[in-house]
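Read through the structure below, which is laid out as structure tokens, and then see the notes.
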Amino acid sequence: MKFTLEPRAHTPTWLNISLPVLALLATLVFCSGLIILAGAGVLQAYGALFKGAFGSKFNFVETLVKAAPLVFTGLAVAVAFRAKFWNIGAEGQLLAGAMAAAFVGARDVLPIWSLLPLMIIAGFVAGGLWATLPAVLKLRYRVDDVVATLMLNFVMFYLMLALVDGPWKDPLSGYPDSPDIRMDAEYPILLQQTRLHLGVLLAGVTAILIWLLMTRTTLGFAIRAVGENARAATHSGLPVKRVVFLTAVISGGLAGLAGVGEVAGLHFQVMASLSPGYGYTGIVIAMLARLNTLGVIPAAIFFAAIATGAETMSRTTGVPVFLADVIQGMSLIFMLVALLFTKYRIRLRGSESMYEHT
Amino acid sequence: MNQCTNTHEACTISEVLEQVFQVGFFAAMIRVAAPLLFATLGEMFSERAGVLNLGIEGIMLLGAMTGFCAAYFSGSLWLGIAVAATTGIIFGVLMGFLTVTLGLSQHVSGLSVTMVCSGLAFYGYRLVFGQPSQPPNVKAFEVLSVPALADIPLLGPVLFNHLALVYVGFLLVPLAAFLLYRTPWGLSLRTVGENPYAAASAGVRVAWYRYQALMMSGALFGIGGAYFSLAQFNAFTFGVISGRGWVCIALVVLGRWDPWRCAVAALLFGAVDALQLRLQSSGIIDLPYQIFLMLPFVVTVAAMAVLARNARAPAALLIPYRREER
């Protein structure tokens, strides 16, 4: 018995809704096996995870704070992938943006009112510029964007390490991290006694703006047209290369804004541990959101919730905190499979030969 | 050793050369290159069949963990290597299911496999060992001097005074070249990576070849990972791989998808790494070591830009193959 995948003419609504839910359930079932291995109760562990993510005002805020950079990197990837610019480089672009923000935020000569806007602009520009490199390589030299953007992440990471361990080292702390930004360059706190900062709000607003850009503007239309069929886009007179280039700038800029938020809202400096792979997680989030820019918000909150909740779960039930990584990875795999079956159906075939073309 | 006090260039260069022409330098170069060779050849096979396997980093990490556990509890290092390879094969099959059977995007599938594998590696290690203050270790592989050959002056200590795994790694290069270029299997594999439709019409089972390549790559990733936990560090730590899998992706591009050139790329990386360590410890140059760590990635991007026109990746790389869609 052989099976083939056959494209669906149209997807019934119930499948569109039930398959992602099924994927989530499958993830939880798979991971409950791991919880049992750890000798804990499945329901207790998941309960603790949920409570840790949403159980109190403090926990919920922590989840939102963690979701903010993921919204930005998720948007960055979603926009890029829409144009089939395979940007795996959000991590490096995030670091570029963070460094620009940390540099601007520590300048004493700048008037106070200009600090935050300048940091945001600098972060966007730095991330965008760093993304133009693989874009130019792709468009002019036909260099594969997957590998180029991946490689450039490490270039930026080691560049940052070299700087904070050398000329940019904080003379006060003596650790390999950059000098702190000025107090006035910090994002204001939105909710007293929590870490809820302006960047969280900005992440939500940006998601809506990018959604408007993608669905309501000519550029957004061009980006999607180029991604869906570059040849048709060329024939209809779209400047395909310019569109891809602009997409790269926007995508890199958005990733850069993730870095701005981490510097201005949380760490107030850059150091090696600034991003625990937010750029890579952004890819997962964009995929979970099916490249829908508004869908990025719930996907990012889901991921952030698992990361914060896992800490509590680990403390109260003894299940290792790394369950979060497994849940995140497995949910992506199951979701990819689920999404495939919204577009294709399985057709079982009897004893037909393998070599036969249909 | 005479320290170079002035920064006169000629002086620095002669001192750098002095560091290079030492037996220890060449031995170190080979030592650094060996584990990367396993993973690089593995990645080369899967890319030659048309699948970019970004699961490399995670599979290496998981192989390092399972291999270490097996060796720790059985006392046999070679069993550890076998378990690591088996782990790799399992996740090679998963990668094949996602990218070949289902035809999903290769980079997203690869990253998700890396995510799951890293998560499982850390999770599994915590389950087995908890949070010990002193990481448990195994008695690592010992240096295996080749009798007689190791006594040759200069060449002996450089080439024939290594861990057994190092020899295995370097013997894999001619083996891989033979498999790829001199066997019908290799011809089919290359055709599958260049033009799967032509391969299929010649009666080659495209999906099966891609699965085989992915299983091979998984096994080699696993062994490459276990090299670190069983030969290099004799313990599993969370930073045991720390990006070396991604280095191998770079080495495959630099090696232009050819086993011999991949070996040269790995040796070059080993040379840069060995030189960097020596220059640091002798205090000759004052460049931050991160610049050296950055080097393979910069060189890869530059090489891709220069070579892109004449040495291209396998034509069907990243493109899923569906019989019914032509």
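The values are calculated or read from the model by the stated rules, or taken from the named source; none is laboratory data. Not measured: the values here are computed from a predicted model. Here Cβ is always computed from backbone atoms with ideal geometry, including for glycine, and neighbour counts include all displayed protein chains.
Would you check which residues across segment A:71-93 are aromatic (Phe, Trp, Tyr) and either surrounded by 24 or more Cβ atoms within 10 Å (Cβ to Cβ) or within 14 Å of B:Leu111 (Cα to Cα) (or both) and list them? Don't jump to the end; show me each part of the working.
Step one: list which residues in segment A:71-93 are aromatic (Phe, Trp, Tyr), which gives A:72, A:81, A:85-86.
Matches in segment A:71-93: A:Phe72, A:Phe85, A:Trp86.
For A:Val147, indicate whether it is surrounded by 21 or more Cβ atoms within 10 Å (Cβ to Cβ), farther than 18 Å from B:Val299 by Cβ and within 10 Å of another protein chain (Cβ to nearest Cβ). Against the criterion (surrounded by 21 or more Cβ atoms within 10 Å (Cβ to Cβ), farther than 18 Å from B:Val299 by Cβ and within 10 Å of another protein chain (Cβ to nearest Cβ)), A:Val147 does not qualify. Within the group B:Phe141, B:Phe178, B:Phe170, which residue is farther than 26 Å from B:Leu52 by Cβ and either out of contact with any Ser or Thr (no Cβ under 9 Å at 6 or more places or on another chain) or not in a helix (DSSP H, G or I) (or both)? When all the criteria are applied, what remains is B:Phe141. Please determine whether any residue of segment B:133-154 is within 14 Å of chain A (Cβ to nearest Cβ), closer than 30 Å to A:Leu323 by Cβ and surrounded by 14 or more Cβ atoms within 10 Å (Cβ to Cβ). Scanning segment B:133-154, I find no residue that is within 14 Å of chain A (Cβ to nearest Cβ), closer than 30 Å to A:Leu323 by Cβ and surrounded by 14 or more Cβ atoms within 10 Å (Cβ to Cβ), so the answer is no.
Do we find that B:Ala274 is among the hydrophobic types (A, V, I, L, M, F, W, C), buried (at least 21 other Cβ atoms within 10 Å of the Cβ) and modelled with pLDDT of 90 or more in this structure? Before the answer, list the steps.
Numbers: among the hydrophobic types (A, V, I, L, M, F, W, C): yes; buried (at least 21 other Cβ atoms within 10 Å of the Cβ): yes; modelled with pLDDT of 90 or more: no.
Judged against the criteria, B:Ala274 is not a match.
Taking the condition of being within 14 Å of chain B (Cβ to nearest Cβ), in contact (Cβ under 8 Å) with a residue 24 or more places away in the chain and on the phi < 0 side of the Ramachandran plot, how many residues in segment A:33-48 meet it?
At the first step, the residues of segment A:33-48 found to be within 14 Å of chain B (Cβ to nearest Cβ) are A:33-40, A:45.
Narrowing further to those that are in contact (Cβ under 8 Å) with a residue 24 or more places away in the chain: A:34-35, A:38-40, A:45.
Adding the requirement that they be on the phi < 0 side of the Ramachandran plot leaves A:34-35, A:38, A:40, A:45.
Residues in segment A:33-48 being within 14 Å of chain B (Cβ to nearest Cβ), in contact (Cβ under 8 Å) with a residue 24 or more places away in the chain and on the phi < 0 side of the Ramachandran plot: 5 in total.
Evaluation of B:Ala82 against the conditions (1) aliphatic (A, V, I, L, M); (2) more than 14 Å from chain A (Cβ to nearest Cβ); (3) in contact (Cβ under 8 Å) with a residue 60 or more places away in the chain shows that the sole unmet condition is (3). Of all the listed residues (A:Ile301, A:Ile333), the sole one being touching a Ser or Thr at 6+ places or on another chain (Cβ under 6 Å) and farther than 26 Å from B:Gly130 by Cα is A:Ile333.
Restricting segment B:223-258 to residues that are assigned to a loop (DSSP other than H, G, I, E, B) and among the polar types (S, T, N, Q), the residue that is nearest to the other protein chains (Cβ to nearest Cβ) is B:Ser242.
Within segment B:156-172, the set of residues being touching a Phe, Trp or Tyr at 6+ places or on another chain (Cβ under 9 Å) and free of Cβ contacts under 8 Å to residues at least 40 places away in the same chain comprises B:Phe160, B:Ala164, B:Tyr167, B:Val168. The residue that is farthest from B:Tyr321 (Cα to Cα), counting only those in segment B:202-222 that are among the aliphatic types (A, V, I, L, M) and within 12 Å of another protein chain (Cβ to nearest Cβ), is B:Ala202. The listed residues are A:Val79, A:Val65, A:Val42, and the only one of them that is touching a helix residue (DSSP H, G or I) at 6+ places or on another chain (Cβ under 7 Å), modelled with pLDDT under 95 and hydrophobic (A, V, I, L, M, F, W, C) turns out to be A:Val42. Name the residues in segment A:7-32 that are under 15 Å from A:Arg345 (Cβ atoms), within 14 Å of another protein chain (Cβ to nearest Cβ) and surrounded by 14 or more Cβ atoms within 10 Å (Cβ to Cβ), would you? Scanning segment A:7-32 gives a single hit, A:Leu19.
Here A:Ser18 fulfils each of the conditions (1) over 28 Å from A:Ser273 (Cα atoms); (2) under 23 Å from the mean Cα position of the chain (by Cα); (3) free of Cβ contacts under 8 Å to residues at least 60 places away in the same chain apart from (2). The residues on offer are A:Val260, A:Val319, and the sole one that is buried (at least 24 other Cβ atoms within 10 Å of the Cβ), facing chain B (nearest Cβ under 10 Å) and of a type outside the set (S, T, N, Q) is A:Val319.
Out of everything in segment A:153-180 that is assigned to a loop (DSSP other than H, G, I, E, B) and hydrophobic (A, V, I, L, M, F, W, C), what residue ends up being nearest to the other protein chains (Cβ to nearest Cβ)? Ranking the qualifying residues of segment A:153-180, first place goes to A:Trp168. Flag set for A:Ala324, criterion: without any contact (Cβ under 8 Å) to a residue 40 or more places away in the chain, within 14 Å of another protein chain (Cβ to nearest Cβ) and surrounded by 23 or more Cβ atoms within 10 Å (Cβ to Cβ).
May I ask you to list pairs of residues, at least six apart or on different chains, whose Cβ atoms are under 8 Å apart, with the first in segment A:239-268 being of a type in the set (S, T, N, Q) and the second being outside any helix (DSSP H, G or I)? Once the first residue is of a type in the set (S, T, N, Q) and sits in segment A:239-268, its partners that are outside any helix (DSSP H, G or I) give A:Thr247/A:Ala83; A:Thr247/A:Phe85; A:Ser251/A:Phe85; A:Ser251/A:Asn87.
Please note which helices (runs of 4 or more DSSP H) are completely contained in segment B:1-84 and include at least 2 residues that are of a type in the set (D, E, K, R) and at pLDDT below 75. Break it down into steps so the answer makes sense when it comes.
Details: elements: B:9-20, B:23-48, B:56-74.
Ranges flagged: B:9-20.
Where in segment A:38-105 are there helices (runs of 4 or more DSSP H), lying fully within it, with 3 or more residues that are under 22 Å from A:Thr316 (Cβ atoms)? Write out each step before concluding.
Values: elements: A:42-54, A:57-82, A:90-105.
Here the list reads A:42-54, A:57-82.
Residues that are surrounded by fewer than 19 Cβ atoms within 10 Å (Cβ to Cβ) and among the small types (Gly, Ala, Ser) were ranked within segment A:150-195; the one that is nearest to A:Lys241 (Cα to Cα) is A:Gly166.
Listed by position, the helices (runs of 4 or more DSSP H) contained in segment A:236-353 that have at least 1 residues being of a type in the set (Gly, Ala, Ser) and in contact with a Pro (Cβ under 7 Å, 6 or more places away or on another chain) are A:240-261, A:296-317, A:323-343.
Between A:Leu118, A:Leu150, the distinction of being in a helix (DSSP H, G or I) and in contact with a Leu (Cβ under 7 Å, 6 or more places away or on another chain) belongs to A:Leu118 only.
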